[in-house]
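See below for the structure under consideration.
No lab work stands behind these numbers, since they all come straight from the coordinates. Quick caveat: nothing in here was measured; it's all calculated off a predicted structure. Glycine also receives a Cβ, built like all others from the backbone with ideal geometry; neighbour counts cover every protein chain displayed.
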Amino acid sequence: MVAFDFCSRSVLQCLHAQRRATPHNQWETTVTTPAKALAAGDVRRLLAHVQQRPDPLRAIAMVLLSYKAGLRACEIAGLDWTMVLGARQQVSRTLLIGAHIAKYGRSRHIPLHHELRTALTRLHVSSGRPSSGPVVTSQRGGYLRPRSVVNWFGALYGELGFDGCSSHSGRRTFITQAARLVSKTGGSLKDIQELAGHRALTTTERYIEGDRDAQRKLVQLL
């Protein structure tokens with residue numbers, strides 16, 4: 001019950017933070033200044049930067065949860081080892097986002113990218129192989145607040161001079177890259193919608209950033 005109450009507050013805090021950042025009449029309709037999606041080279045630069053931190057395993061896991069799983073700030077804050085570990089208490093190949101930390105209470109399963117699975121395994125071992133509790137801990141060892149995750153990413157992008165980026169940049173990058181590659185897997189935007197945990201496909205479409213080079217090539221083929 002305690003964990004549920006905490007995560008419920010985390011979701012509410014995340015929603016309230018997003019409401020304050022978005023005009024009321026545009027909530028769930030449009031985003032006036034969407035977070036910038038990063039190119040692959042910038043993501044590598046981001047990862048190289050956090051490796052120099054005092055807590056590199058924790059920092060790398062946070063970045064990859066954003067960029068390789070598309071998690072929201074409130075989901076990173078509320079993620080528990082019970083959602084990550086399999087029956088043998090090893091990092092599973094699928095991440096479960098529980099309904100109590102997901103926006104709108106929409107639970108979902110996300111296949112783990114190999115880089116993220118490796119990062120979570122290293123973090124799990126360095127943390128003493130806990131069977132439950134927060135994956136990303138606060139300085140006191142408890143759960144982070146969603147606002148702390150937002151601030152953490154904001155400070156990180158500030159250090160690198162990445163203008164227009166926020167805690168949502170990883171999520172937008174994840175969705176955009178997935179949209180560009182989904183046709184190679186035989187999937188569709190419906191699959192990306194489910195991975196993102198969106199209620200409507202139109203929301204997923206708004207996250208996808210266009211590719212100018214691809215657009216130029218497409219026009220030349222017309």
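What to note about this one:
- Proximity of backbone amide H atoms, modeled 1.01 Å from N, is registered between residue 94 and 112 at under 5 Å, excluding neighbours fewer than 5 places apart on the same chain.
- Applying the Karplus relation 6.51 cos²θ - 1.76 cosθ + 1.60 with θ = phi - 60° to the range 99-110 yields 3J(HN,Hα) values of 4, 6, 10, 7, 4, 6, x, 9, 5, 7, 10, 10 Hz, where x marks Gly and Pro.
- Descending by average beta-carbon neighbour count within 10 Å, the peptides 107-120, 40-53 line up as 107-120, 40-53, the highest first.
- The range 83-142 shape via C-alpha gyration tensor axes, a/c threshold 1.5: oblate
- Global geometry of the range 72-194, whether rounded, prolate or oblate, following the gyration tensor of its Cα atoms and the 1.5 cut on a/c: oblate
- Residues whose amide H lies under 5 Å from that of residue 108, counting only those 5 or more places away or on a different chain, are 97; hydrogens are built 1.01 Å from N in the peptide plane.
- For the peptides 71-81, 178-188, residues were scored by their other Cβ atoms within 10 Å and the scores averaged per peptide; the highest-first order is 71-81, 178-188.
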